[in-house]
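Right, one structure below, let's go through it.
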2 protein chains.
Amino acid sequence: MKLYSYFRSSAAYRVRIALNLKGLSYDYAPIHLLRDGGEQLKPDYRALSPDGIVPTLIDGDNVINQSLAIIEYLEETHPEPALLPGTPTDRAFIRSIALQVACEIHPLNNTRVLQYLTNEVKLDDAAKNAWYARWVESGLDALERRLVSDPRVGVLCFGDTPTLADLCLVPQVFNARRFKVDVSRYPTIERVADHAATLDAFFRAAPAQQPDAE
Amino acid sequence: MKLYSYFRSSAAYRVRIALNLKGLSYDYAPIHLLRDGGEQLKPDYRALSPDGIVPTLIDGDNVINQSLAIIEYLEETHPEPALLPGTPTDRAFIRSIALQVACEIHPLNNTRVLQYLTNEVKLDDAAKNAWYARWVESGLDALERRLVSDPRVGVLCFGDTPTLADLCLVPQVFNARRFKVDVSRYPTIERVADHAATLDAFFRAAPAQQPDAE
């Protein structure tokens with residue numbers, strides 16, 4: 001397998017954790033999102049990812065876009081250890097946490113959106129930071145209220161087992177801290193994410209451990 | 001089952017199509033996203049949906065947030081007809097289309113984001129429309145390039161069978177047209193979405209057919 005990735009991409013980070021948890025080795029193909037106007041926008045890469053975003057997974061002849069589609073594919077083709085364990089109700093809980101991050105928080109704060117706000121809308125740094133904080137803080141606040149009262153939450157989002165929920169939460173917390181969000185305001189999220197980040201599969205997937213880290 | 005919905009919500013529209021395709025009856029609980037500052041922000045509803053967004057599905061004691069988590073749950077608990085048919089590779093294709101809509105296009109253009117741009121960023125209508133067009137047009141353009149060359153595409157995104165991909169595409173096309181995007185620039189998308197919209201399960205899920213339609 002081959003993963004097109006950028007060390008700091010939250011979406012690529014999710015997939016790197018999944019590959020590590022499943023014990024799958026892969027070639028790391030770096031795509032620099034800022035250099036030369038963005039390597040993800042070059043024709044060679046857009047032939048694989050028409051959106052011009054990372055990650056993309058190559059598995060034999062298969063080209064798979066979208067981090068959550070990649071992880072569901074890995075789950076179906078390499079079921080152990082399960083990243084979506086439990087009953088259908090449990091999996092709905094796990095997927096809904098993952099999607100709350102992937103649909104409500106991350107899309108509003110990724111590189112291309114922040115670039116548009118700077119270059120086209122001409123937001124100054126204060127207004128851009130307010131935008132970032134608006135979506136990350138309200139998203140983490142809502143997630144905290146779900147997690148703090150749910151009996152399924154353990155040392156990780158779902159008991160003690162790493163799941164798709166943790167795969168999305170850890171990169172989002174990393175990203176929030178990079179933008180100076182005070183994650184200690186969300187104590188359940190902070191506890192879970194900081195515990196998960198110590199696990200080997202998560203640690204090896206972290207931005208600083210990637211070959212293209214700066 | 002009970003579905004908290006708003007007639008014009010794209011995410012609720014996806015779930016309504018899924019429920020119809022699976023032949024599941026449900027109580028329709030309208031949540032008006034604009035009235036009284038937004039009924040989705042009232043404490044009663046936020047106890048079910050901490051994010052204050054629709055849809056939420058109630059199935060017995062289960063409260064499920066996030067449209068794609070709801071649809072995966074329905075798929076697991078009511079497998080026929082399959083909304084994720086085929087091989088793992090096929091399902092990755094279907095999920096990646098759905099996620100391309102749900103993660104790259106829709107989050108940037110939903111009600112709360114457009115309200116923030118108007119009320120906080122103070123964008124005028126021209127700048128807000130440019131924002132809307134930027135993400136919908138680039139997203140549909142990327143999706144068109146994927147679909148036009150993929151042999152799996154038939155009269156629908158995946159052959160002739162309604163899948164999760166169509167469930168996401170039809171509401172996005174409806175939404176784009178409401179904001180005056182010229183969908184004819186994306187002929188494969190237009191052909192697929194317009195065909196899907198004629199199917200009974202899709203027609204009955206359309207905004208105009210809902211009890212809270214205006």
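The values are calculated or read from the model by the stated rules, or taken from the named source; none is laboratory data. All values reported here derive from a predicted model rather than from experimental measurement. For neighbour counting, all protein chains shown are included, and Cβ atoms are generated from backbone atoms with ideal geometry for every residue, glycine included.
Observations on the structure shown:
- Taking the listed residues B:Ile71, B:Ile31, B:Ile58, B:Ile97, the one that is among the hydrophobic types (A, V, I, L, M, F, W, C), facing chain A (nearest Cβ under 9 Å) and either buried (at least 23 other Cβ atoms within 10 Å of the Cβ) or within 28 Å of A:Ser138 (Cα to Cα) (or both) is B:Ile97, with no other qualifying.
- Of all residues making up the stretch B:29-65, the number that are under 21 Å from B:Gln210 (Cα atoms) and in contact with an Asp or Glu (Cβ under 8 Å, 6 or more places away or on another chain): 7
- In summary, A:Leu108 fulfils each of the numbered conditions (1) surrounded by fewer than 24 Cβ atoms within 10 Å (Cβ to Cβ); (2) out of contact with any Pro (no Cβ under 9 Å at 6 or more places or on another chain) with the single exception of condition (2).
- Search result, residues across the stretch A:20-79 that are touching a Gly at 6+ places or on another chain (Cβ under 9 Å) and under 27 Å from A:Asn109 (Cβ atoms): A:Ile31, A:His32, A:Gly38, A:Gln40, A:Leu41, A:Lys42, A:Tyr45, A:Arg46, A:Asp51, A:Gly52
- Lone qualifier among A:Ala102, A:Ala142, A:Ala127 - being within 8 Å of chain B (Cβ to nearest Cβ), more than 20 Å from the chain's Cα centre (by Cα) and part of a helix (DSSP H, G or I): A:Ala127
- Some residue of the stretch A:164-187 being without any contact (Cβ under 8 Å) to a residue 60 or more places away in the chain, within 14 Å of chain B (Cβ to nearest Cβ) and farther than 24 Å from A:Ala29 by Cα: yes
- Residue check for B:Pro81: more than 9 Å from chain A (Cβ to nearest Cβ) and either in contact with a helix residue (DSSP H, G or I) (Cβ under 7 Å, 6 or more places away or on another chain) or within 20 Å of A:Thr89 (Cα to Cα) (or both): yes
- A:Gln209 at pLDDT 95 or above and outside the structural domain of A:Ser9 (by TED's automatic domain parsing): yes
- Which numbered condition A:Gly38 misses (of (1) at the interface with another protein chain (Cβ under 10 Å from one of its Cβ atoms); (2) out of contact with any strand residue (DSSP E or B) (no Cβ under 6 Å at 6 or more places or on another chain)): (1)
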